[in-house]
Each structure stands twice: as C-alpha cells, then as structure tokens.
Amino acid sequence: MSAPSDLNIDHIATLARIELTPEEKTKFAAQLGDVLGHIEQLKKIDVTGVEPTAHGFPIYNVWADDIPQPGLPVEVALKNAPAQRNNMVVVPKVVE
Amino acid sequence: MSSELIYQPISQLAEQLASTKISSVELTQAVIARTKAVDSQVKAFNSFDEADALAQARASDERRAAGQARGPLDGIPIGLKDVIAVEGQPLTASSKMLANFVSPYDATVTKKLKNAGAVCWGRLNLDEFAMGSSTENSAFHTTSNPYDLECVPGGSSGGSAAALAAGEAIATLGSDTGGSIRQPAALCNVVGLKPTYGLVSRYGLIAFASSLDQIGPFTRTVEDAAITLGVIAGHDPLDSTSFKADIPDYRAELSKRKGPWKLGIPKEYFGEGLDPEVAAAVEAAIDFYKKQGCEIKPVSLPHTEYGVGVYYIIATAECSSNLSRYDGVRYGHRTANPKDINELYFKSRAEGFGAEVKRRIILGTYVLSSGYYDAYYLRAQKVRTLIRQDFLKAYEEVDAILTPTTPTPAFKKGEKAANPLAMYLSDIYTIGVNLAGLPGLSIPCGFSKSGLPIGLQLIGQPFKEADLLAIAHTYDRAHDWASRHPNL
C-alpha cells in the first residue's frame, strides 16, 4: 500500500523538530503508509454518541496542598546538562 | 550450589535467607557469576554495577544479623529495565539520546524495592524508549532468547524477561504499554504481570505513552509476582494518575481465594493467525481449569480487531508529546557545534533517536496535526471507549478472561524488523488490556516442538489483582513449565 497523498513528511518532520535524511523520508513514508492503511479500518465503526477515553482508569481533580517541597539541588539537576556555566544551561544564542 | 540458587523462586530463597542458610552476599555473588558466564550470549544487560550490588547485599546481611530484616525481598537481587530510574546509575532507555545519562533520583518503585531491602541489580536492555516487541530497536544490542539464541526474547522488556529466564536475576521489573511485560514473559517462559493502570506509580519511569504505561514484575512463579507486587503497588502523590486503592496481602490471598471461577474465552483471540501449537497449549490450560470445576464461558470482545489501530494512534500521539523533552538542551544528546537553536533541536533529535522512535514520533505528530486530530486521535479515543466497554460487559458474566499471550512463539531475529506493521500486529492479544487499563498476566503454559516457550494470558478486572493472581496460582502450582531452564 502506498502512502496517503496527504502525509507530507517534510511538514510533519518540521513539526516534530527532527531532521530526516532523504532515505529516511522515503522509507518512513512507505512504512507509515502501511500503518495508516491499517488504521483506515477504524472509519468503519460508528462512534456517534461515544465519549472519548483518555485514560484506562480516569481520575479527576487530583489536588495537592500548596506546600513547598525540596527539589533537586541545582548542581545535581545540572549534572546531565550538555553544557553549563554559572548554574545555568548553555545554549546557542536564541534572540539576535 | 550457585546454579541451584539462581533458579529458585523468591519464596524459597527468602526462607533460606531468614534461616541464614544462605546470605544475600552469596546469592548476589551467584547471580553476578551467572551473569558474567552467560550474558555475552544473552545480552540482557546494558550495564551492571557489581560493587554496588554487593554493597547492597552486605547491608542486607548486616540488617538481618541485627534482627532488622525487612521481609521477603530483603537481600534478593532484582533487575530493573533501563527505563526505571535508580539514583546514581545509568538510565539510557537503550537510546543514544540518553547513552550518558545518570539518574539523579530513584523512581518510586526503586525506592520501594530499596525500602524492602531488595538488591537493585543491573540495567536491563529494551527496545529504544520501550518501542518495539523484540529488543531489536535497542541502540546498543539485541537481546537473545535464552531458549534459542537465534530468536528474539520479545519486547520491549526483553532484557528483563531474558535475564530472569537465564538465571541472571531472581526477579526483574519491566514496563508494559501494549504488552511489553506479558509478551516477553510468554516468549521466555517466565511469569509477567501488568497491573491495573494506576496501581503502581509511574514516577521515575521514562514516559512512552502515559495513559498506557504501567510497571510490573517478572518472576518465576505467581507467588513471587504476588510478593513483588505487594511491595511496588500503592498510591503515590508524585504520580497524579496513581490510584488510592487498598493493597491487600496478595501472597496471603493466593490460598484464601479458591474459586471455582468463571473464565471467559473470547473467540476473537482464537482466530486467524494463531499458531496451532500455541492454540493447543492454551486449550490444554482451559481443560485444566474445567477439571478444577471452573465454568468456562464463551465471551465476545467484538472490537478486538481495531485494537492495534487504536493503539498505534494513541501511543504514538502520546509519545510524540512525551519525547519532545529530548531537545538537546537540558540533558541527553546534543549535536556538536549547532549554528543556532533550531539546528540544535533538529540535529540533536536526528542523531539521538533511532529509526523506530522517529517513525512513531512522526506518526504521532501526524495524527495530532491540524486537520487530522478528529479523524485519527479523537476517533481512536472513542473506539478505545468501545474496547473498554467490551471488557466491562464480559466481566458482568465472568471473573477473568483467558487467552493466548501471543499468536506465535518467539520469532527469529530479523524476521519482522523490516516490516513495522507485521511487528505491531504481533501485539494483538496484549494491546486491549492497556487500552482498557486492566490487569493482565502471562504465565508459562507449554513449549513448541522446537522447544520455544508458550504463554497463557489471564486478564482480570480493574484493581482485582488478588483474584487474578489466585486464578493464575491455581494453574502455576499444578504445572512445572518454569523448571525447564534454557541450555546455556
């Protein structure tokens, strides 16, 4: 089964912030076409009046008292940072 | 001596530890020695920390000597899937993205295991970010099935299942989003339990699909599953989807709940694609329950065929959102010398994620994208409701549902790797349980002629793990499939 024409892989990869190689684009478009072809069968089902399920066992209104709790110390939280300086994460310039 | 120790269940080892017939150090050394002897073949581990494990074991022995032993898990080496955080240990999700990540804190389940005195042992391999059914998507290596090294151990918790089957741990933890505990348990001849959604805290579990993910144990016996679940279950304020359920003494309940039960057989799970040897093994299990006086009733789960489609919309949508955190900024892989912040995002993610993770992020992004949300995501959530209602309707007539865990025994490495849809369809019997939030358990029920394990799946009612475990225990104590160990 070929990819549905409306799966614009460049657009989706941009939304997902992933750079794909031309080979990946061709391969994923075909493979996802197969998966979407399988998913098409969901259109056969009448879902009129059916409520959506977001969780297998829904729980509503989970409140916690607004009491400050100790978090990770800064140096521990930064231990896995790719680049850091002065207790901050270093990134390329964001605003010109 | 050591080969005897490594294949004993927790229930027996705990007695020997209690009577100081053995020490935790001896037991842990036996597990370490076994791992060193066989893991070059099995490749269940991403890494292990021998000194750390022995230090935990010594602490356990000292507690016991001081009369402060903490219960049946004290001193027992338990392996953890490499998506469950252990403070100071690597946490990789078998991804290049997190290849150098060291966890700054313990997951709630890790904390509970440590509080119970367990020896947290090793980081177990998986499909990258728990996405897959074979461990072939691990960025590091593919784990082998201990019963046939040419075959996959199942996935995504393939390392957890294979390590236990090979005697490299006494029990392990995994996570199950669409079958990732039950399917590898079936393929590796061990017990695997996926608890009700909300029973076990997900805090410190690397998120894949948050409305489906659940942590659970792999064990040699159902009794061991009951012991381990009793330790890891319970409400956790750090997980807002954690449920305030009463946690019974699951182990004590095993012998109190004697049945006979009403067991439902859904015809949709016994159709096309079911391997005849698997069907025969499951039929034999059904006959066993009949002889125990259980009532076997046909039930229908009419939306079963839509499960895989619903799952691959919901799971990929949730993963595309959850994995947006891996952007190369605060932790994880960062591309070298990005020219601006956008290149940092695009290239870090391109370099850090493997093919299956990218595929799922792309699919999930697509089904959530403007113009497609109603057609895919919303519709899938509605069909999810119908799938859940199918189960709840069946439970008006039966206590539990009995099915095969997988359509076939373990498949060969490489057999499905090039065809994602074929791989996805191998989860057809396990996915419904996650979509409906139910507890499900796989238990060994036989072997194929070629010597590959076969699993029986029992699906229970929400938060009625005590019943589910008791039903499984009835079968388990009358059979000894688990005693057939792999030749390694």
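Worth pointing out:
- Picking from residues in the range A:76-96 that are over 13 Å from residue B:338 (Cα atoms) and of a type in the set (D, E, K, R), the one that is farthest from the other protein chains (Cβ to nearest Cβ) is A:85.
- Across the range B:367-385, the qualifying residues are those that are open to solvent by less than 20 Å² (accessible area, probe 1.4 Å) and aliphatic (A, V, I, L, M), and the one among them that is farthest from the other protein chains (Cβ to nearest Cβ) is B:367.
- Options B:223, B:268: the member that is within 20 Å of residue B:426 (Cβ to Cβ) and not in a loop (DSSP other than H, G, I, E, B): B:268
- Candidates B:67, B:132, filtered to the one that is surrounded by fewer than 24 Cβ atoms within 10 Å (Cβ to Cβ) and on the phi > 0 side of the Ramachandran plot: B:67
- Test: residue in the range A:24-46 that is at the interface with another protein chain (Cβ under 9 Å from one of its Cβ atoms), part of a loop (DSSP other than H, G, I, E, B) and more than 25 Å from the chain's Cα centre (by Cα): yes
- Condition check for residue B:386: under 22 Å from residue A:31 (Cα atoms) and not acidic (Asp, Glu): no
- Boolean, residue B:396 is out of contact with any strand residue (DSSP E or B) (no Cβ under 7 Å at 6 or more places or on another chain) and either open to solvent by 40 Å² or more (accessible area, probe 1.4 Å) or at positive phi (or both): yes
- Residue count for the range B:38-61 satisfying the condition of being open to solvent by 60 Å² or more (accessible area, probe 1.4 Å) and assigned to a helix (DSSP H, G or I): 5.
- Of the strands (runs of 3 or more DSSP E) entirely within the range B:100-202, those holding at least 1 residues that are within 14 Å of chain A (Cβ to nearest Cβ) occupy B:171-176, B:191-194.
- Residue-level analysis places residue B:436 outside the set of residues that are among the aliphatic types (A, V, I, L, M), surrounded by 24 or more Cβ atoms within 10 Å (Cβ to Cβ), over 16 Å from the mean Cα position of the chain (by Cα) and more than 14 Å from chain A (Cβ to nearest Cβ).
A quick yes/no check of all residues on (1) surrounded by fewer than 24 Cβ atoms within 10 Å (Cβ to Cβ); (2) of a type in the set (A, V, I, L, M); (3) not in a strand (DSSP E or B):
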residue: B:402; (1), (2), (3): no, yes, no
residue: B:427; (1), (2), (3): no, no, yes
residue: B:451; (1), (2), (3): yes, no, yes
residue: B:469; (1), (2), (3): no, yes, yes
residue: B:475; (1), (2), (3): yes, no, yes
residue: B:486; (1), (2), (3): yes, no, yes
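- Residue check for residue B:364: over 30 Å from residue B:465 (Cβ atoms), within 11 Å of another protein chain (Cβ to nearest Cβ) and open to solvent by less than 10 Å² (accessible area, probe 1.4 Å): yes
- Failed criterion for residue B:390 (all others in (1) in contact with a Lys or Arg (Cβ under 9 Å, 6 or more places away or on another chain); (2) at pLDDT 95 or above hold): (1)
- Scanning the range B:324-360 for residues that are more than 9 Å from chain A (Cβ to nearest Cβ) and crowded, with 22+ Cβ neighbours inside 10 Å yields B:326, B:352, B:357, B:360.
The values are calculated or read from the model by the stated rules, or taken from the named source; none is laboratory data. Every value quoted in this text rests on a predicted model; they were computed, and no experiment measured them. Using ideal geometry, Cβ is built from the backbone for each residue, glycine included, and neighbour counts are taken over all protein chains shown. Note: accessible area is taken over every heavy atom of the protein model, side chains too, but ligands, DNA and RNA are not part of it. Shrake-Rupley method; radii C 1.70, N 1.55, O 1.52, S 1.80 Å.
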